Amino acid sequence: MRSILYLLTALAVIGLATWAYRENHLTQQAMNMRTSLEREISRLEAEISVQRVEWAYLNRPDRLRALVDFNFDTLRLVPITADHFGEIGDIAYPAPQAHLQVGEGIEVFGALQTLSGTTDPASEEQP
């Protein structure tokens, strides 16, 4: 009976050692992946900061003004002033459409129907 207990204990120790080794290996892989992702994130953040600096450099007002002046013949760009904006009353809205009255008929799929949903038998064609 003692030998079976020793054998089961030895098998449990071997099984737990195998499990611990596998978990350790998976943890090391996850840590390596995290480290590589952190490196990639920091590299991308550095690229983004460089692009922000380039964007700020390219959007300097004096540079844009010089480009507008240089390309005025082609683009015809002028500075925005208050004269470029209008009033709400200047907007032309479309005229309201005439609404159907309750007694009028509507042709639906070749049959004349009133707005109440009934079919007008006098207007339907007889076969």
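Throughout, read-outs are computed from the coordinates displayed, never taken from laboratory work. This structure is a prediction, so every number in the text was calculated from the model and none was measured. Glycine gets a Cβ as well: all are built from the backbone with ideal geometry, and neighbour counts include every protein chain shown.
Here are some notes:
- Sparsely packed trypsin sites (Lys or Arg not before Pro) within segment 14-100, loop by DSSP, other Cβ within 10 Å at most 16: ARG76
- In order along segment 9-19, phi translates into HN-Hα couplings of 5, 5, 5, 5, 5, 5, x, 5, 5, 5, 4 Hz, rounded to whole numbers, per the Karplus curve 6.51 cos²θ - 1.76 cosθ + 1.60 with θ = phi - 60° and x for Gly and Pro.
- Per-pair calculated FRET efficiency, R0 = 25 Å: ASN32 and LEU58 via Cβ, rounded to 0.05: 0.05
- Most positive-pole-ward Cα, HIS84, ALA12, ALA46, against dipole of segment 7-85 from beta carbon charges: ALA12
- Applying Stokes-Einstein at 25 °C and 0.890 mPa s to the Kirkwood radius of segment 7-85, computed over alpha-carbon pairs, gives a translational diffusion coefficient of 130 µm² s⁻¹.
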